[in-house]
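Chemist: Take this structure, written in structure tokens, and hold onto it; I'll ask about it next.
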Amino acid sequence: MNNFTHINEQNQPKMVNVSDKKITKRTAIAKATMYLGTEIISHFNNEELITKKGPVFQTAIIAGIQAVKKTSDIIPMCHPLLINGVDININITDTEHIEVLCKVTIEGKTGVEMEALTGASATCLTIYDMCKAINQKMVIKEVKLLEKTGGKSDIKNG
């Protein structure tokens, strides 16, 4: 017997059957930290950088929201979900770093941890894409789940 929910009795991959689960309100918050460097941060004015590609943070937030909605298309065992809400915030934390917080909410039978992590990641990747003409030394340092509520157990990681 294994503890992996995505492996069947023949040790083959499977999508978890959630048909017997109850619909509950579920949320997940993921956080990503990213090194942009002083050269890129110095170009920001009022928490935004306008480039030829458009406003960096606004565009990245839209990309993150799109990624949340498409998570099941890129993560094989994720269920397609009807997302109730996505809220992404980007904060400049010092002269070199930013922090992305992605909160996803649903009323459903399965959690949205992967959606929140995917949203935070895509937000950072979009920032990288939009700022790489200035400097390619950016680093997506950490993407982690901060909180999950609903379902069998709640998680709070800081």
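Please treat every number below as a calculation from the coordinates, not as lab data. Just so it is clear, the model here is predicted, and its values are computed rather than measured. Cβ placement follows ideal geometry from the backbone for every residue including glycine, while neighbour counts extend to all protein chains displayed.
Chemist: Assign unit charges at the C-beta atoms only (+1 for Lys and Arg, -1 for Asp and Glu), then state the dipole size of the chain relative to its Cα centre in Debye, rounded to the nearest 20.
Modeler: With Lys and Arg at +1 and Asp and Glu at -1, about 440 debye.
Chemist: Using the Cβ atoms and a cut-off under 14 Å, what net charge is assigned to the surroundings of THR38, where Lys and Arg are +1 and Asp and Glu are -1?
Modeler: After counting each charged neighbour, the total is -2.
Chemist: On to the next question. Give the angle, between 0 and 90 degrees and rounded to the nearest 10, that separates the Cα long axis of helix 56-69 from the longest principal axis of the Cα atoms of the chain.
Modeler: It works out to around 10 degrees.
Chemist: In the chain, if every C-alpha pair distance is counted and binned at 5 Å from zero, what percent goes to each bin?
Modeler: Result, from short to long distances: 2, 9, 17, 19, 16, 13, 9, 7, 4, 2, 1, 0 percent.
Chemist: For the peptides 122-129, 45-52, 148-155, 23-30, what is the packing order when you average, over each peptide's residues, the other Cβ atoms within 10 Å and list the highest mean first?
Modeler: Listed from highest to lowest mean packing, they are 122-129, 23-30, 148-155, 45-52.
Chemist: Which of THR24, ILE127, ILE50 sits closest to the plus end of the dipole of the stretch 23-150, meaning its Cα is farthest towards the positive end, when Lys and Arg get +1 and Asp and Glu get -1 on the C-beta?
Modeler: Most positive-ward Cα: THR24.
Chemist: Also, I was wondering about something else. Of LYS53/LYS148; LYS132/LYS152; LYS31/LYS109; LYS14/LYS70; LYS52/LYS148, which ones are farther than 30 Å apart at the Cα?
Modeler: Where the Cα-Cα span goes over 30 Å, the pairs concerned are LYS53/LYS148; LYS132/LYS152; LYS52/LYS148.
Chemist: Considering only the other residues whose Cβ falls under 12 Å of the Cβ of ILE106, what net charge follows from Lys and Arg at +1 and Asp and Glu at -1?
Modeler: Result for the neighbourhood of ILE106: +3.
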